[in-house]
Each structure stands twice: as C-alpha cells, then as structure tokens.
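Please read the structure below before turning to the comments.
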Amino acid sequence: MRRASTCLAVLGLALLALPGVASAAPTVKFKAVAVPIPGFPGTGDIYGAGAALEYEYQISGTEYFGSPPPIIGINFFTPKGTVLHPTGFPTCSEETIKQFGPVKCPKGSQAGPVGTALGYVTLGGERVEETAEIFSFYKPGGGFVFFTDGHTPVSLEILSPGKYKNFVGGGGFGPELEVTVPEIASVPGAPFASVKTIKGKAGSAYKKNGKAVYYGRVPKKGTCPKAGFLLKTEVIFAENGEESKPVAVPSEYRAPCPRK
C-alpha cells in the first residue's frame, strides 16, 4: 500500500508538469488612480470631484506557448462611494466600429485618450511581442466598448464590449464593470494572441448650461479608509486557449486617500 501511494503521488506530480494539465496560473499586478480631466479645472484626486481613471495591468506567465494564456474577460470593481453619471455623453456602437473603425465615432464619444497594450502573437511558429493601441468609447445603453488595433508584426483588431453588472455597487465596492474579450488568432490556425501589459485612461466631462457634467466622481470626504480606497480587478484567462476553461485571477490595489 505504501509503495502504491508513493507511485500515485509521483504520477500526480508528473501529470501536473505536463503542459496540457498544468495547474499554475499567470500573475496579475494592477494599479488605478484618479487623475484630472484635461480642460476641467478642479478635477482629479479630490474628494467628490470629477476625475478620470488611469489604470495599468502587468501580466506575467508562461502557461501558453511561453506566454500568459489569452484573456477572455476583465472585471473591474470601483471603490465604494464612486458615483457615475453616463447620461448625456455621445456614444459609439459596436456596429459602427466594426464597419468603419474608430474614425466614424461621434465627437465626444471617446472615453479617454488612446491607450496601449503590449502582447504576444505567433509568427512563423515563434512567439513574439506586438504593441497595439486601445481606443475606448462610451456605448449605447451604458458601459464602454474597447477597440484594440495592432499593425505589426501581424494585423489585429479586437472589439471588447463592457457593461455594468452592478451600477450601484456592493460587497464593499462601487459599480462593477464587466468586459468581454474575444480570442483572436495571430494568423489563421496559429495560437491566440495574449497580453503582457495594458495602460489606459477612461473618464471625461462635458458642459451643459455652463456647468460641468462628469462621467465619474471620486467618493466624498470621510469615506476613505486609512489604508486607502480599495479597488479590485479579476482577469479571466482561457486555460490552454480554451474558452470553456476560464481561470479568474484577482488583484487588488489600495489607492492613497486624496489630500483634500
């Protein structure tokens, strides 16, 4: 019995070492801070003020052809007390972007400046890096639509819609955004593209009757814990590139309390 148990243990370790059944998951480091909205004084990391959100993801792993597995979703939890006001902002539909690209989106529908992503694609049987631009727009009905555009060494166009699962918030957090990311092959028949870093900024404002209307506001004074505002994200990966095998990797960040 002891010999049989030992053999089973060794067999189990051997199976875990095989690429197809590896249990290891990629790691995710995440940061997000409130920043000023260009052209609108008095915005940024200030209690109750309008602000844009600057975010950054760093992903590491070798589970998928020496790179992290493909991302199939991202959930983002804002700090408790965050207030959103999407009404009145111009929008751009997924259909418009699919047919014409970002150039046909209405003025004011862009949620922020163009962001960047560094990822991995397969070309000639080799896994190589590719830098892409990320365009973000407000979409009809609320939420966002993200358009990732890569040109070299391969052409990539990825449309990722995001919707609010919980607009009010709960569980110690504010509104939660769920973004769906489709798997895209580098070239037909090749492994799917995966991601190493994401950097971007979302949130804008417009004026109505001389008053500024902000898409998002920092929580009010007196709501920030001593440790800082808690933000959370969950990056959903497709294990071995299979959408039917989602692996959620959470990451949290404490944003320092505003000075005023």
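Per the listing Tyr253, Tyr164, Tyr214, the residue uniquely surrounded by 14 or more Cβ atoms within 10 Å (Cβ to Cβ), more than 18 Å from the chain's Cα centre (by Cα) and not basic (Lys, Arg) is Tyr214. Just one of (1) farther than 23 Å from Tyr206 by Cβ; (2) buried (at least 19 other Cβ atoms within 10 Å of the Cβ) fails for Ala34. It is (1).
When the criteria are applied in full, Thr152 meets the requirement of being open to solvent by 60 Å² or more (accessible area, probe 1.4 Å), free of Cβ contacts under 8 Å to residues at least 40 places away in the same chain and part of a loop (DSSP other than H, G, I, E, B).
Matching residues to (1) outside any strand (DSSP E or B); (2) open to solvent by less than 80 Å² (accessible area, probe 1.4 Å):
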site: Lys220; (1), (2): yes, no
site: Lys232; (1), (2): no, yes
site: Phe237; (1), (2): no, yes
site: Pro258; (1), (2): yes, yes
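Among the residues of the range 81-105, those identified as out of contact with any helix residue (DSSP H, G or I) (no Cβ under 6 Å at 6 or more places or on another chain) and exposed (fewer than 13 other Cβ atoms within 10 Å of the Cβ) are Thr87, Gly88, Glu95, Lys98, Gln99, Phe100, Val103.
The values are calculated or read from the model by the stated rules, or taken from the named source; none is laboratory data. These numbers were taken from a predicted model, which means no experiment stands behind them. A quick note on method: Cβ atoms are made from the backbone with ideal geometry, for glycine too, and the neighbour counts reach across all protein chains shown. Heads up: the accessible areas ignore ligands, DNA and RNA and are worked out on the full protein's heavy atoms, side chains in. Shrake-Rupley method; radii C 1.70, N 1.55, O 1.52, S 1.80 Å.
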